[in-house]
Amino acid sequence: MFGYDTEALRNLLATIIQNNIKPDAWAWLSNQGDITNTATFNAAFAMMPRKTGKAVITITPEQAQELNTIRPGFTIEDWTADRLGRVYLLSQANATDKERYFAVIENLFLAAEMNELVALYSALPVLAYADQWVKRCAEGIRSNIGSVLEAIMYHNPYPAENLSEAAWNQLVMKAIFTDKQLTLITGLNERNNPELARILMDFARERGAAGRSVVPELWHLASPFTDAGIVNAVKQQYTTI
Amino acid sequence: MCCSHSFEDKPLPGQKPEAFDITAVKGMKFFDPHVHMTSRTTDDYQAMADAGVVALIEPAFWLGQPRTGIDSFRDYYSSLVGWERFRSSQFGIKHYCTIGLNSREANNEALAEQVMEILPLFVYKDGVVGVGEIGFDDQTAAEEKYYRLQLDLAKEAGLPVQVHTPHRDKKHGTQRSMDIALEHCLDPYTVIIDHNNEETVKEVLDRGFWAAFTIYPFTKMGNQRMVEVVKQYGSERIMINSAADWGISDPLAVPKTAALMKLNGISAEDIELVTYRNAITAFAQSGQIDEADFGVNIDQSAKFEGNSILRGGQQPRVDKSSIIIS
């Protein structure tokens with residue numbers, strides 16, 4: 001059900017959290033995570049910032065390295081304590097009962113405020129049953145809330161590992177439309193594809209017709225699958241920003 | 001919560017209204033503790049920010065027509081802590097909310113039961129500063145039942161209560177709301193009695209509750225009357241709000257009333273208390289209000305999502321005087 005060593009991840013996250021929150025907050029958090037008691041689990045998830053605070057956590061380079069060894073691509077740098085606390089809480093959830101596990105976590109998505117959504121989408125790479133969250137991830141990409149999109153797009157290995165080509169292409173286009181930094185998207189080059197190049201070139205023509213500009217990374221993504229002459233011809237329409 | 005509109009009380013014809021001169025309150029900060037932004041446009045957000053509104057509270061209420069299913073409630077509550085909060089942050093206005101089952105819809109008991117089940121999922125969320133707006137509308141038995149249940153919920157969650165008082169049989173309804181709150185052992189200092197008028201204010205203050213006044217054209221308080229109330233009762237435990245919603249209402253009611261108070265010689269200290277500080281003092285008992293958050297975007301990484309060129313989370317300004325839309 002998990003594609004990585006869950007015990008190692010829980011232990012490492014526990015160490016990092018203990019270094020970043022007060023002892024009484026840790027005493028509380030270390031006793032949470034029982035998803036058979038849905039109400040308590042939901043309340044713990046919601047009240048996390050009341051317990052942990054919202055300070056940005058510190059993490060040693062060794063811990064970051066270890067994290068990347070346990071779950072490649074997964075990073076928690078610059079996270080706030082409540083975000084980490086929520087992801088830790090989710091990592092504690094027993095996944096044996098697949099239906100219950102999915103229902104409880106999906107319900108958190110349905111009632112989430114912004115910071116909760118950030119934490120939930122950040123947790124996708126460490127949740128059980130990776131293939132179960134594909135539709136949820138695609139739904140997240142439809143969000144119009146900047147921080148939520150960044151939680152999915154930036155330094156998150158889940159989309160590149162799990163999304164279909166069509167959903168991946170939507171992610172890239174949404175990132176462009178919302179002024180995201182494309183270079184922070186995990187798997188941008190690995191998932192590049194001819195259909196995306198076609199969409200990007202159409203988009204470049206449309207922008208040119210409107211007298212608007214495009215980001216330079218667009219050409220980088222389109223070029224491997226597009227005739228150089230065509231790229232140059234479209235580029236002539238306007239200058240890049 | 002808004003009102004059943006009456007359009008009968010139109011202003012007298014021939015009276016030339018005085019223009020709102022924003023310079024009278026320039027540099028002042030305002031907190032509107034009751035405004036339904038879900039029903040308002042981006043123009044309103046922009047105007048509020050320009051007039052000095054730095055933070056607001058959006059109470060949960062009905063939608064002008066009854067909801068027919070639990071999912072509508074859930075999506076609404078989730079929009080108050082989600083999309084609407086984000087939308088507000090785009091204008092540099094800190095958005096808080098209160099969560100509750102409003103009195104009108106308490107009368108659909110089958111649905112009300114389901115709503116009570118999901119309320120705990122929302123009242124503990126970040127930025128939820130109270131249970132509200134709850135109380136009486138028709139003053140039915142069902143309304144009383146869910147009012148009481150939600151008072152207990154507020155007590156358990158350690159949250160202030162924002163009490164809507166009825167339009168019809170107002171004075172009695174207000175008294176009853178306070179009696180019941182005290183019966184449930186709530187500290188009146190954690191209860192904000194809303195939509196007061198000249199007839200209700202004295203008792204509300206005497207019994208130790210907060211008295212909120214809604215400046216809302218035609219059906220609630222006008223701000224000239226409000227000036228007189230502050231002259232008579234002072235500024236202790238009094239706050240004003242716009243309760244602006246989908247009806248004919250004014251999201252600038254708080255800054256406008258501050259300006260009118262200034263023109264009428266009310267002290268700057270008193271104006272600050274009734275248009276800013278008292279609301280913060282009352283609702284900060286939730287532990288969810290930090291003034292350091294005002295005037296900045298909630299989430300510094302938040303950016304407007306559209307097809308524009310925004311940076312830093314601010315909405316772009318549209319030159320409304322221009323015929324060109326680019």
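The values are calculated or read from the model by the stated rules, or taken from the named source; none is laboratory data. Here the structure is a predicted model, which means the values were calculated and not measured. We place every Cβ from the backbone using ideal geometry, glycine too, and count neighbours over all the protein chains shown.
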Subject >> Members of the stretch A:206-229 found to be surrounded by 12 or more Cβ atoms within 10 Å (Cβ to Cβ), part of a helix (DSSP H, G or I) and not aliphatic (A, V, I, L, M), listed by number >> reply: A:ARG207, A:GLY208, A:GLU217, A:TRP219, A:HIS220, A:SER223, A:PHE225
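Determine, yes or no, whether B:MET1 is modelled with pLDDT under 90, part of a loop (DSSP other than H, G, I, E, B) and touching a helix residue (DSSP H, G or I) at 6+ places or on another chain (Cβ under 9 Å).
When the stated conditions are applied, B:MET1 passes them.
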Original post:
How about the stretch A:161-175: which of its residues are within 16 Å of A:GLU217 (Cβ to Cβ) and crowded, with 17+ Cβ neighbours inside 10 Å?
Top reply: A:TRP168, A:ASN169, A:LEU171, A:VAL172, A:LYS174, A:ALA175
Original post:
Considering the stretch B:91-114 alone, what residues qualify as being within 14 Å of chain A (Cβ to nearest Cβ) and surrounded by fewer than 23 Cβ atoms within 10 Å (Cβ to Cβ)?
Top reply: B:HIS95, B:GLN114
Original post:
Hey, among the residues in the stretch A:77-91 that are under 17 Å from A:TYR4 (Cβ atoms) and surrounded by 20 or more Cβ atoms within 10 Å (Cβ to Cβ), which one's nearest to the chain's Cα centre (by Cα)?
Top reply: A:VAL87
Subject >> Residue pairs meeting the criteria (Cβ under 7 Å; at least 6 apart or on separate chains; first closer than 18 Å to A:ARG50 by Cα, in the stretch B:142-158; second of a type in the set (Phe, Trp, Tyr)) >> reply: B:ALA157/B:TYR124
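If we keep just the residues of the stretch B:92-124 that are assigned to a loop (DSSP other than H, G, I, E, B) and over 18 Å from the mean Cα position of the chain (by Cα), which is nearest to B:GLN65 (Cα to Cα)?
B:ASN108
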Original post:
Based on what the data block shows, is B:ASP169 more than 25 Å from B:PRO251 (Cα to Cα) and at pLDDT below 95?
Top reply: yes
Subject >> A:THR178 more than 14 Å from chain B (Cβ to nearest Cβ) and surrounded by 13 or more Cβ atoms within 10 Å (Cβ to Cβ) >> reply: no
Original post:
When only residues in the stretch B:4-49 that are polar (S, T, N, Q) and at pLDDT 80 or above count, which is nearest to B:THR219 (Cα to Cα)?
Top reply: B:SER39
Original post:
Within the stretch A:155-162, is even one residue over 30 Å from B:LEU119 (Cβ atoms), among the acidic types (Asp, Glu) and over 12 Å from the mean Cα position of the chain (by Cα)?
Top reply: no
**OP:** Take the residues in the stretch B:53-90 that are closer than 22 Å to B:GLU117 by Cα and among the charged types (D, E, K, R), then tell me which one is surrounded by the most Cβ atoms within 10 Å (Cβ to Cβ).
**Re:** B:GLU58
**OP:** With respect to A:VAL104, determine if the residue is within 14 Å of chain B (Cβ to nearest Cβ) and in a helix (DSSP H, G or I).
**Re:** yes
**OP:** Name every residue in the stretch A:107-146 that is hydroxyl-bearing (Ser, Thr, Tyr) and more than 14 Å from every other protein chain (Cβ to nearest Cβ), in order of residue number.
**Re:** A:TYR129
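Could you tell me whether A:LEU149 is without any contact (Cβ under 8 Å) to a residue 24 or more places away in the chain and within 14 Å of chain B (Cβ to nearest Cβ)?
no
In the stretch B:32-50, what residues are more than 18 Å from B:MET239 (Cα to Cα) and in a helix (DSSP H, G or I)?
The answer is B:MET37, B:THR38, B:SER39, B:THR42, B:ASP43, B:ASP44, B:TYR45, B:GLN46, B:ALA47, B:ALA49, B:ASP50.
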Original post:
Which of the following residues is outside any strand (DSSP E or B), away from chain A (no Cβ under 14 Å) and within 17 Å of B:PHE283 (Cα to Cα): B:HIS195, B:HIS167?
Top reply: B:HIS195
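Residues are listed down the side, and each one gets a yes or a no for (1) within 14 Å of chain A (Cβ to nearest Cβ); (2) small (Gly, Ala, Ser); (3) touching a residue at least 40 places away in the same chain (Cβ under 8 Å):
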site: B:TYR45; (1), (2), (3): no, no, yes
site: B:VAL53; (1), (2), (3): no, no, yes
site: B:LEU56; (1), (2), (3): no, no, yes
site: B:LEU63; (1), (2), (3): no, no, no
site: B:ASP71; (1), (2), (3): yes, no, no
site: B:ARG74; (1), (2), (3): yes, no, yes
site: B:TYR77; (1), (2), (3): yes, no, yes
site: B:ARG85; (1), (2), (3): yes, no, yes
Original post:
How about the stretch B:126-152: which of its residues are within 18 Å of the chain's Cα centre (by Cα) and either of a type in the set (D, E, K, R) or within 14 Å of chain A (Cβ to nearest Cβ) (or both)?
Top reply: B:ASP126, B:GLY127, B:VAL128, B:VAL129, B:GLU133, B:ASP137
Subject >> Only one of A:ALA64, A:ALA27 that is in a helix (DSSP H, G or I) and either surrounded by fewer than 13 Cβ atoms within 10 Å (Cβ to Cβ) or in contact with a strand residue (DSSP E or B) (Cβ under 9 Å, 6 or more places away or on another chain) (or both) >> reply: A:ALA27
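Report those helices (runs of 4 or more DSSP H) wholly inside the stretch B:211-288 carrying at least 1 residues which are free of Cβ contacts under 8 Å to residues at least 60 places away in the same chain and aliphatic (A, V, I, L, M).
Those helices (runs of 4 or more DSSP H) span B:223-233, B:253-263, B:268-272.
For the stretch B:51-82, give me the residue count where each residue is under 25 Å from B:PRO255 (Cβ atoms) and part of a helix (DSSP H, G or I).
2
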**OP:** Name every residue in the stretch A:38-58 that is over 20 Å from A:TYR121 (Cβ atoms) and touching a residue at least 24 places away in the same chain (Cβ under 8 Å), in order of residue number.
**Re:** A:THR38, A:LYS51, A:GLY53, A:ALA55, A:THR58
Subject >> Selected residue (only one of A:ALA151, A:ALA119, A:ALA128 is surrounded by 16 or more Cβ atoms within 10 Å (Cβ to Cβ) and part of a loop (DSSP other than H, G, I, E, B)) >> reply: A:ALA128
Subject >> Meets criteria (farther than 23 Å from B:ILE57 by Cα and either modelled with pLDDT of 75 or more or away from every other protein chain (no Cβ under 14 Å) (or both)) for B:LYS320 >> reply: yes
Original post:
Looking at (1) under 16 Å from the mean Cα position of the chain (by Cα); (2) over 27 Å from A:ARG71 (Cα atoms), can you tell me which one A:VAL215 breaks?
Top reply: (1)
